[in-house]
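Let me begin by presenting the structure, written as structure tokens, before commenting on it.
The values are calculated or read from the model by the stated rules, or taken from the named source; none is laboratory data. Note that the coordinates shown come from a computational prediction; the quantities given were computed from them, not determined experimentally. Neighbour counts run over all protein chains shown; Cβ positions are idealised from the backbone, glycine included. Accessible surface is based on the protein model in full, side chains and every heavy atom, while ligands, DNA and RNA are left aside. Shrake-Rupley method; radii C 1.70, N 1.55, O 1.52, S 1.80 Å.
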Amino acid sequence: TLWKALVKNTLGHGPVHSVGRYGAEYYNSLGYVPYDVGINENVARTLEYAYADWCLWKLAQELGRPEEETALYEARARNYKNVFDSERKLMRGKNLDGTFQSPFSPYKWGDAFTEGNSWHYTWSVFQDVAGLAELMGGDREMARMLDSVFVVPPLFDDSYYGFPIHEIREMQIMNMGNYAHGNQPVQHMIYLYNYTPEPWKAQMRVREVMDKLYNYTPDGYCGDEDNGQTSAWYVFSALGFYPVTPGTGEYVLGSPLFTRATVTLSDGRKLVINAPKNSRDNIFVRDVTLNGKKLNLNFVTHEELTAGGTLEFDMSNEPAMERGTTPSARPYSMSTDDRQN
């Protein structure tokens, strides 16, 4: 019954556009929701439907659904590729005839996106970050594009709305380029450095956001809470990890905020996170051990965390340029994972 309900939601939308999938008839036939058919937020919908299809694929495997069903959702999970502009190396609206929307500005909020722009939504490929890197020209080029989000000025095009919505103003006030942490679509982006040869940049940026954009004062909240996401980001990040791809059971490493934190699990076991050298200057992770064993990966698993024990971070004021830089250290991506079948 659950499976039937989920499949039904992939076939169309209900009495309001937020129920089911608005534009499903196009998405299911073309592999994307076109820009020029009167369906706003078409790129955002395409990207989010593709991730949802990845979730359906994984669930179909667990339920033992027929191969034709699992293959369908596996293929649709790669539909993010259909709205990627290889020349701009950004996500971009695509017309019904297969041409990209024109003119195009990566600074334009709304329109093909939802309360964000192309700089933000390009990273909404939670299920296949390695596949996104390949589209961009490799993991080093993806790292450069991640850098660019912080380097470009906080410019914006608000012509879709007719005025600067509060998310735009929050981005300007944050003054971190076009990084808009006050709105959820880009909040996972910093952790994607863990999928490149420069994971230390995730540590640097995570601590910058926690220190700069969150505070205990009346103006110390950097944007929408939206179902707990903005505070959940902080709680996870303060502990030192974050679930980039819910459904994998992996938590991608960042930079813990405290010298010690203890999480009491539901069964009474405790997870202790130690970072004794942690400070405002020592924001970089030199080494990680889990229950005394060196962890060379850029992630920990749900099973490891919920088993309890001690996760220890050796912190430094200098980045560890060699730790976690190899492809084997990176978190899950569907295009490179040999566990998918």
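Here are some notes:
- Evaluated against (1) more than 29 Å from LYS58 (Cα to Cα); (2) free of Cβ contacts under 8 Å to residues at least 60 places away in the same chain; (3) of a type in the set (A, V, I, L, M), LEU96 falls short on exactly one condition, (2).
- Restricting attention to the stretch 54-78, the residues that are open to solvent by 20 Å² or more (accessible area, probe 1.4 Å) and closer than 30 Å to TRP109 by Cβ total 3.
- Picking from residues in the stretch 288-306 that are part of a strand (DSSP E or B) and open to solvent by 50 Å² or more (accessible area, probe 1.4 Å), the one that is nearest to ARG205 (Cα to Cα) is LYS294.
- Given (1) surrounded by fewer than 21 Cβ atoms within 10 Å (Cβ to Cβ); (2) of a type in the set (Ser, Thr, Tyr); (3) in contact (Cβ under 8 Å) with a residue 24 or more places away in the chain; (4) under 30 Å from GLN172 (Cα atoms), index of the condition SER231 fails: (3)
- Subset of the stretch 13-29 (residues that are closer than 20 Å to ALA112 by Cα and either modelled with pLDDT under 95 or open to solvent by 70 Å² or more (accessible area, probe 1.4 Å) (or both)): HIS13, VAL16, HIS17, SER18, VAL19, GLY20, GLU25, SER29
- Residue within the stretch 46-53 that is over 19 Å from PRO106 (Cβ atoms), at pLDDT below 95 and surrounded by fewer than 21 Cβ atoms within 10 Å (Cβ to Cβ) present: no
- If the condition is being open to solvent by 10 Å² or more (accessible area, probe 1.4 Å) and among the aliphatic types (A, V, I, L, M), then the stretch 175-223 contributes MET204, LEU213.
- Which listed residue is closer than 20 Å to GLY247 by Cα and either free of Cβ contacts under 8 Å to residues at least 24 places away in the same chain or open to solvent by 10 Å² or more (accessible area, probe 1.4 Å) (or both), from PHE163, PHE156, PHE126: PHE126
- Tabulated pairs, the stretch 102-113, first among the hydroxyl-bearing types (Ser, Thr, Tyr), second at pLDDT 95 or above and open to solvent by less than 10 Å² (accessible area, probe 1.4 Å), C-beta under 6 angstrom, 6+ apart or interchain: TYR107/ASN117
- Residue in the stretch 84-108 that is surrounded by the fewest Cβ atoms within 10 Å (Cβ to Cβ), counting only those that are basic (Lys, Arg) and on the phi < 0 side of the Ramachandran plot: ARG88
- Between ALA143, ALA202, ALA180, the distinction of being of a type outside the set (Ser, Thr, Tyr), at pLDDT 95 or above and more than 28 Å from ASN227 (Cα to Cα) belongs to ALA143 only.
- In the set (1) assigned to a helix (DSSP H, G or I); (2) under 21 Å from MET145 (Cα atoms); (3) not small (Gly, Ala, Ser), PHE104 fails one condition alone, (1).
- The listed residue being of a type in the set (A, V, I, L, M), touching a residue at least 60 places away in the same chain (Cβ under 8 Å) and either within 23 Å of ALA329 (Cα to Cα) or open to solvent by 70 Å² or more (accessible area, probe 1.4 Å) (or both), out of LEU257, LEU239, LEU253, LEU271: LEU253
- Test: residue in the stretch 110-119 that is surrounded by 22 or more Cβ atoms within 10 Å (Cβ to Cβ), out of contact with any Phe, Trp or Tyr (no Cβ under 7 Å at 6 or more places or on another chain) and not in a loop (DSSP other than H, G, I, E, B): yes
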